[in-house]
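Down below is the structure, laid out as structure tokens.
Taken together, the values in this text are just the output of simple stated rules run on the coordinates, not laboratory data. These numbers come from a predicted model, not from an experiment. Note that we place each Cβ from the backbone using ideal geometry, even for glycine, and neighbour counts take in every protein chain shown.
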Amino acid sequence: MAIIGLGLILVAWLYQLYYVFKPRVEIKPFFVLVYALGLAALIFDGFRSGAYAPAWLNLTILIPVAIIFLKALKKQ
């Protein structure tokens, strides 16, 4: 079930990433930064506890999060 949930989160971030390139989109960098920190904690915990599939999914999700964070910083 966790893999399905993480897959949905990845889809949501990819969807958001698509709309970041449209005009008049505003995402607060603080939100993305805090989300990325939480995600990093999940990645660390997953690898530490041997839950490799969720950890790799979280690491994959971190890629669009980082792109959105950089785009949000440029818009401010």
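Only residues that are touching an Asp or Glu at 6+ places or on another chain (Cβ under 9 Å) and either among the hydrophobic types (A, V, I, L, M, F, W, C) or surrounded by 14 or more Cβ atoms within 10 Å (Cβ to Cβ) (or both) were counted in region 59-76, giving 1. Say we look at region 1-30 and pick out the residues that are of a type outside the set (A, V, I, L, M, F, W, C) and in a loop (DSSP other than H, G, I, E, B); which of these is surrounded by the most Cβ atoms within 10 Å (Cβ to Cβ)? Out of the qualifying residues, it is Lys28.
The residue list Pro54, Pro29, Pro23 contains one member that is more than 16 Å from Ala2 (Cβ to Cβ) and either touching a Lys or Arg at 6+ places or on another chain (Cβ under 6 Å) or touching a residue at least 24 places away in the same chain (Cβ under 8 Å) (or both), which is Pro29. Listed conditions (1) farther than 17 Å from Tyr15 by Cβ; (2) surrounded by fewer than 13 Cβ atoms within 10 Å (Cβ to Cβ); (3) not basic (Lys, Arg) are all met by Leu33, apart from (2).
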